[in-house]
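A.B. asks: This structure is in structure tokens; I'll ask about it shortly.
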Amino acid sequence: MATYVEIQKFVQRHHGFVPKNGWIAHVKALRGLPTRRAGRGRRVEPCPPEKREAIEEALRHFGLI
């Protein structure tokens, strides 16, 4: 399984920004994938809609979706 750092590097190389860990976790949760445990059991930073496709592309690249 790809790490959050690998996903961040992929997105940075292909889309020019580094997604926050919370954004990755949010997209993974939306797709029904397991996520790392968030502080205090809640997600603080939902993924902006305009960034979601880039993160989903990275998840597809690593075979997670």
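The values are calculated or read from the model by the stated rules, or taken from the named source; none is laboratory data. Treat the numbers as computed from the prediction; the structure is a model and nothing was measured. Every residue, glycine among them, receives a Cβ derived from its backbone with ideal geometry; neighbour counts consider all protein chains shown. Just the protein is used for accessible areas: all its heavy atoms, side chains included, with ligands, DNA and RNA removed. Shrake-Rupley method; radii C 1.70, N 1.55, O 1.52, S 1.80 Å.
A.B. asks: Considering only the range 6-17, state which residues are under 10 Å from the mean Cα position of the chain (by Cα) and of a type in the set (A, V, I, L, M, F, W, C).
C.D. replies: ILE7, VAL11
A.B. asks: May I ask you to list the residues in the range 24-57 that are β-branched (Val, Ile, Thr) and open to solvent by 80 Å² or more (accessible area, probe 1.4 Å)?
C.D. replies: Initially, the range 24-57 is screened for residues β-branched (Val, Ile, Thr), giving 24, 27, 35, 44, 55.
Scanning the range 24-57 gives a single hit, VAL44.
A.B. asks: Mind listing whichever residues of the range 31-57 are part of a helix (DSSP H, G or I) and at pLDDT below 95?
C.D. replies: Those that are part of a helix (DSSP H, G or I) and at pLDDT below 95: GLY39, ARG40, GLY41.
A.B. asks: Taking ARG60, is it of a type outside the set (Ser, Thr, Tyr), loosely packed, with under 15 Cβ neighbours inside 10 Å and modelled with pLDDT under 95?
C.D. replies: No; evaluated as a whole, the condition is false for this residue.
A.B. asks: Would you check if VAL5 is out of contact with any helix residue (DSSP H, G or I) (no Cβ under 9 Å at 6 or more places or on another chain), open to solvent by 70 Å² or more (accessible area, probe 1.4 Å) and modelled with pLDDT of 95 or more?
C.D. replies: yes
A.B. asks: Can you find a residue that is open to solvent by less than 40 Å² (accessible area, probe 1.4 Å) and either touching a Ser or Thr at 6+ places or on another chain (Cβ under 7 Å) or assigned to a helix (DSSP H, G or I) (or both) anywhere in the range 16-23?
C.D. replies: For the range 16-23, residues open to solvent by less than 40 Å² (accessible area, probe 1.4 Å) and either touching a Ser or Thr at 6+ places or on another chain (Cβ under 7 Å) or assigned to a helix (DSSP H, G or I) (or both): present.
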